[in-house]
1. Net charge around V77, counting only other residues with Cβ within less than 11 Å of its Cβ (Lys, Arg = +1; Asp, Glu = -1)?
2. Pull up all non-local amide H partners of K146: gap of 5 or more, or a different chain, and H-to-H distance under 5 Å with H placed in the peptide plane.
3. Once the other residues with Cβ under 14 Å from the Cβ of I154 are scored (Lys, Arg +1; Asp, Glu -1), what is the net sum?
4. Please give every one of the lysines within straight-line cross-link reach of K332, meaning a C-alpha to C-alpha distance under 20 Å, and leave out same-chain neighbours fewer than 8 residues apart.
5. Could you name the lysines in cross-link range of K163, using Cα to Cα under 17 Å and dropping any fewer than eight places away on the same chain?
6. Within a Cβ distance under 12 Å of G190, other residues only, what is the Lys/Arg minus Asp/Glu net charge?
7. How large is ³J(HN,Hα), in whole Hz, for each residue of segment 70-86 in order, when computed from phi with the Karplus curve 6.51 cos²θ - 1.76 cosθ + 1.60 and θ = phi - 60°, using x for Gly and Pro?
8. Alpha carbon centre of segment 204-219 versus segment 225-275: separation in Å?
Amino acid sequence: MKKLRVGIIGTGMAFERLHYPAYMELSQEYEIAALADNNLEKAREWAKRLNLTEESAYADYREMIKRTDLDMFDIMVPISENYVVTEATAKAGKPIICEKPLAPNIEQARAHRELPRKYGIPIMIAENYRYNEEVDLIRDMLRTEKVGKPVYFIQNRVMNFPKDMLENKFAAKEWRQHPDFAGGVILDTGVHDIAALRHFFGAADEVYTIAVPQDDEFAPYAVINANIRFKNGVTGQFSFYCSGTEMQRPLIGLRIFCTGGMIYLEERDCGTINIVYNDSRSEQIAYRPQRGYYNELLNFYNAAVGKEPISVTPEMEYGDTKMMLDIIKSVKEERIVKVDDEAEFIPSYDREHTTSVNPQQYLM
């Protein structure tokens, strides 16, 4: 089994708390061989921790990507840098993993979508919600009509960003508190929920959003309420309250109402999907929370050895990013916004989404 030698770009929280543990769990598949961070001391600390030489740490990722002994790159930088860094790294001609969302604006998102074709390399977007066990389980329930045909949904996300800013969490990062991209934390966090909903229901037809404005830099709105109609006929509401705490239990979470009953997920880390049938039967299905980081790296490796296609490509993530930007656009323009021009992302359960580039030719 060939280990893939990885060059890490960005050694912040996303690497330390999300990707690094997954790499350690997949130590037979991956070897971290170099690290780049604009804080050179941080990169050197990681090099020492990984028993790498000091020369394996770089302040400039553009120097690191010149190395010929690296098989791939994993990019974890602020949203405003996602497209710029990925585009520059793509010139090295090696496969790439990049974080979500694709870019801070729709113009860069469109350009990011074209990078695999432009440079002839495979790129995977690390949208962990599309790889989480509970999301795939619910998608399969909808595919097989376990609870009948889906009719409508409620997705409610609540977070206390002002409180999180004062703790050792992702919200404590300066670029998240003073974002230079549309929507701030609404785009940064909400795109996860939109990715999951699109994983369930496919392409969206239109969205109409209302919101409560706030005078805070981290987000222009305290809460958004988006009414969504998907192209498969399912409708529903996505609400995101970023400035408060949901006190009652159980949480509203995700509820999908079907002709034969309801699928209910209280929150992503609860470990149980609840199903209630119209005939009063109920069922609980267990899952392992937070497995998306492991599953996305496993998917990338399996794509490299020719076992499966990359599941989440820039083209797919473009749909998630555009829809989140359309939700924000609907608030600003006070109108219904059309989302997907084509129905290409309607789930077709008898085929897989594939990348146009074969990673195996680069990695093996």
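What follows is calculated from the coordinates using simple rules that are stated; it is not laboratory data. Since this is a predicted model, take the numbers as computed values, not measurements. Neighbour counts run over all protein chains shown; Cβ positions are idealised from the backbone, glycine included.
1. Overall, the nearby charge balance is -4.
2. Residues meeting the amide H criterion: none.
3. Working: positive: R157, R255; negative: D193, E246, E266, E267.
So the environment of I154 carries a net charge of -2.
4. Here the lysines satisfying the reach criterion relative to K332 are K322.
5. Those lysines meeting the cut-off are K173.
6. On the way: positive: K100, R157; negative: D188, D193, D320, D326.
Taking every Cβ under 12 Å from that of G190, the sum is -2.
7. So the Karplus estimates, Gly and Pro as x, are 9, 8, 6, 10, 10, 9, 9, 10, x, 3, 5, 9, 3, 5, 4, 5, 5 Hz.
8. Centre-to-centre distance over Cα atoms comes out at 18 Å.
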